[in-house]
Amino acid sequence: MPTDFQGQRIILHCDAVYAETEIWINGDRIGAHAGGMTAFQLDVTDHVKPGRRNTIAMKVVNKTQADVLASGSQYAVHPLGGITRKLYLQAIPQTAITTLDVSTVFDAEYRDANIHIALAVENAGKRAFDRGHVRFSLYDETGQRIELSDNEIRLAPMTSDEHRRMQVTLHVPQPRKWDPEHPHLYHLEGRLYADNSVVEVVRRRLGFRQIEVRGDRVFVNSHPIKLRGVNRHEV
């Protein structure tokens, strides 16, 4: 594990382990998960040693109620047990943005749009987090910055182990629309500050698209589309 993980909060991400698992780090049992197709994460800060070699052990069981409910092995006609998606470690500050989910909604003319942001900030440190704020920036696919109003969110002081959720809306005039033939992608950047110092930077790619179902038809930005069938079968 890198030495510069020292002092950071360290999260183990597991994108999918089928169908139930128990996990040990350096001989300590740190948690378990049921559900073979769902991602999960565990805080391993107190169980790892930055700058040194660490070990992970996993017990994986396929034949479980989770597999029965998913009909996974039945559908595949063979047992699906195993680590089917990636595992990785992430080091984040003690106070960090833990959620930054975005969606886009257009006005009635499908001209201007709003970015709706589900934002969560967590203070896992032992001290209070004072005078913090989150500032958002938006860039188009050429890297040009888009002017935004009301793009800064002030955070009231957070006590130790406090987790706070917020909803943020950013108005964007006349963005380039996303569709499968023209996948215009923007970059949204959220910067967490303590006083005037940057604590963390989180980035998301997004396309301006609004998906609707009207009767038995699906529309993207008010244009009907046909679904030709998409699935993910890494097994």
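The values are calculated or read from the model by the stated rules, or taken from the named source; none is laboratory data. Note that the structure is a prediction, hence the values are computed from the model and not measured. So basically every Cβ, Gly included, is an ideal-geometry build from the backbone, and we count neighbours across all protein chains shown. The accessibility values were calculated without ligands, DNA or RNA, using every heavy atom of the protein model including side chains. Shrake-Rupley method; radii C 1.70, N 1.55, O 1.52, S 1.80 Å.
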**Message:** Filter segment 106-128 down to the residues that are loosely packed, with under 13 Cβ neighbours inside 10 Å and not charged (D, E, K, R) and list them by number.
**Reply:** Ala108, Ala128
**Item:** Scope segment 65-102; condition open to solvent by 70 Å² or more (accessible area, probe 1.4 Å), part of a strand (DSSP E or B) and under 17 Å from Glu22 (Cβ atoms); matching residues
**Value:** Ile83
**Fill in**
Given the conditions (1) closer than 30 Å to Ala16 by Cα; (2) modelled with pLDDT of 95 or more; (3) of a type in the set (A, V, I, L, M); (4) in contact with a Gly (Cβ under 9 Å, 6 or more places away or on another chain), every one holds for Leu188 apart from (4)
**Prompt:** Counting only residues that are outside any strand (DSSP E or B), open to solvent by 70 Å² or more (accessible area, probe 1.4 Å) and closer than 23 Å to Phe106 by Cβ, how many does segment 188-232 have?
**Reply:** 5
**Prompt:** Which number in (1) in contact (Cβ under 8 Å) with a residue 12 or more places away in the chain; (2) outside any strand (DSSP E or B) marks the one condition that Val105 misses?
**Reply:** (2)
**Request:** Sort out which residues of segment 108-129 are among the small types (Gly, Ala, Ser) and either over 17 Å from Arg203 (Cα atoms) or free of Cβ contacts under 8 Å to residues at least 40 places away in the same chain (or both), and write them in order of number.
**Result:** Ala108, Ala113, Ala124, Gly125, Ala128
**Options Arg154, Arg165, Arg131, Arg135; residue that is open to solvent by 60 Å² or more (accessible area, probe 1.4 Å) and modelled with pLDDT under 95** = Arg131
**Request:** Kindly provide the set of residues from segment 47-64 that are modelled with pLDDT of 95 or more and either open to solvent by 60 Å² or more (accessible area, probe 1.4 Å) or in a strand (DSSP E or B) (or both), ordered by number.
**Result:** Lys49, Arg52, Arg53, Thr55, Ile56, Ala57, Met58, Lys59, Val60, Val61
**Asked** Can you name the number of the only condition in (1) touching a helix residue (DSSP H, G or I) at 6+ places or on another chain (Cβ under 6 Å); (2) more than 30 Å from Arg205 (Cα to Cα); (3) open to solvent by 30 Å² or more (accessible area, probe 1.4 Å); (4) modelled with pLDDT of 95 or more that Ala32 fails?
**Response** (1)
